[in-house]
Amino acid sequence: GYGATALNMKRDPLKIKSTENEFPLTLGRDVSGVVMECGLSVSYFKPGDEVWAAIPPWKQGTLSEFVVASANEVSFKPKCLSHTEAASLPYVGLTAWSAINKVGGLNQSNCSGKRVLILGASGGVGTFAVQLVKAWGAHVTAVCSHDASTLMKKLGADDVIDYKSGNLEEQLKTLPLFDFILDNVGGSTEKWALDLLKKWSGATYVTLVTPFLINMDRLGVADGMLQTGVTIGSKTVKHLLKGVHYRWAFFMPSGPSLDEIAELVDSGKIQPVIDQVFPFSEVPKAFLKLEEGHARGKTVIDVVNKK
């Protein structure tokens, strides 16, 4: 039920349905498959099209044979990928895109030569983010455990730092300062990570680990939003006074952004990183694996066993 308060409000802002319980809830955010039917106002897609999408959290999930999505959440699947490969990218891709491009302000024209640090680089979002900023010409420093360093190099990281081989903060302080930091880890990281940014140069720290949903669950809608606003407001001002930008980022469903990601995939600049594929009958086993952490890319569920 984590995040239920915020997501129920998004599903039903006027509380028309009085039932509080959303369960059973279908899990899954990513989907790659074939269009079966289109609504009357959909002109961009037709039945038979091969598409991919990431469904927003306030809708039911994608671990099923049929998924309903809005046309503006859907995009044509990259031609060079199988459905299994394609299903590994939309959610992490859009999360990284939101953090780096929409919130962080980096893009193809301004990223070249910038020094980018990615904390938690070997997970789903991290492996995508490394490839994205590398495709845009950045110098990338990836933080992960030692056994993921070969993967990081393969994805294009210039420097790979093993967070287990001593004090991470001290290791990073020996490097030149950064223009952009993407934090997939959270916790105590932000207490020291912002000191690694270049001051008064527009350098930005973006974290994907925020207390927004926890605040809403714990305090209710009004007080939760107020607490969240106070927290980000005070942190933003505090860091602005130190000459750096502090931002929170969230996953945003977007067909047009997936179109841009598909172009990067088809041009060979971004590849899917799949840790393991499970058949639909082994979904519980897949989630147990996720709970262990230390992912190397994405875990994919093959619902219909067709490649």
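The values are calculated or read from the model by the stated rules, or taken from the named source; none is laboratory data. The structure presented is a predicted model; accordingly, all values stated were derived computationally and were not measured. Please note: Cβ atoms are built from the backbone with ideal geometry, for glycine as well, and neighbour counts cover all protein chains shown. The protein model used for the area step is the full one, side chains on, heavy atoms only, and it has no ligands, DNA or RNA in it. Shrake-Rupley method; radii C 1.70, N 1.55, O 1.52, S 1.80 Å.
Conditions (1) at pLDDT below 90; (2) open to solvent by 30 Å² or more (accessible area, probe 1.4 Å); (3) polar (S, T, N, Q), marked per residue:
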position: L213; (1), (2), (3): yes, yes, no
position: A222; (1), (2), (3): yes, yes, no
position: Q227; (1), (2), (3): no, yes, yes
position: H239; (1), (2), (3): no, no, no
position: G243; (1), (2), (3): no, no, no
position: Y246; (1), (2), (3): no, no, no
position: S254; (1), (2), (3): no, no, yes
For this session: Quickly run through the stretch 256-297 and pick out the residues that are open to solvent by 40 Å² or more (accessible area, probe 1.4 Å) and part of a strand (DSSP E or B).
Result: I274, D275, Q276, V277, P279
For this session: Tell me, yes or no, whether the stretch 186-201 has at least one residue that is modelled with pLDDT under 95, under 23 Å from Y2 (Cβ atoms), open to solvent by less than 60 Å² (accessible area, probe 1.4 Å) and under 16 Å from the mean Cα position of the chain (by Cα).
Result: yes
For this session: Would you be able to say whether some residue in the stretch 146-158 is more than 18 Å from V273 (Cα to Cα) and open to solvent by less than 10 Å² (accessible area, probe 1.4 Å)?
Result: no
Seminar exercise, completed: Of those in the stretch 72-100 that are surrounded by fewer than 19 Cβ atoms within 10 Å (Cβ to Cβ) and in contact with a helix residue (DSSP H, G or I) (Cβ under 8 Å, 6 or more places away or on another chain), the residue nearest to V273 (Cα to Cα) is C80
Exercise. Give me the pairs: first residue in the stretch 284-306 and in contact (Cβ under 8 Å) with a residue 24 or more places away in the chain and more than 19 Å from A121 (Cα to Cα), second residue open to solvent by less than 40 Å² (accessible area, probe 1.4 Å) and aromatic (F, W, Y), beta-carbon distance under 6 Å, and six or more apart or on different chains, which are they?
Worked result: I301/F278
Exercise. Say we look at the stretch 10-32 and pick out the residues that are in contact with a Phe, Trp or Tyr (Cβ under 7 Å, 6 or more places away or on another chain) and within 13 Å of W58 (Cα to Cα); which of these is modelled with the lowest pLDDT?
Worked result: R11
Problem set entry | Only one of G187, G268, G166, G220 that is in contact with a helix residue (DSSP H, G or I) (Cβ under 9 Å, 6 or more places away or on another chain) and on the phi > 0 side of the Ramachandran plot | G220
For this session: Kindly list the number of the only condition in (1) of a type outside the set (F, W, Y); (2) touching a strand residue (DSSP E or B) at 6+ places or on another chain (Cβ under 6 Å); (3) without any contact (Cβ under 8 Å) to a residue 24 or more places away in the chain that fails for L240.
Result: (2)
For this session: Kindly provide the set of residues from the stretch 31-71 that are without any contact (Cβ under 8 Å) to a residue 60 or more places away in the chain, open to solvent by less than 20 Å² (accessible area, probe 1.4 Å) and touching a Leu at 6+ places or on another chain (Cβ under 7 Å), ordered by number.
Result: G61
Exercise. Got a sec? Which of A142, A121 is part of a loop (DSSP other than H, G, I, E, B) and open to solvent by less than 10 Å² (accessible area, probe 1.4 Å)?
Worked result: A121
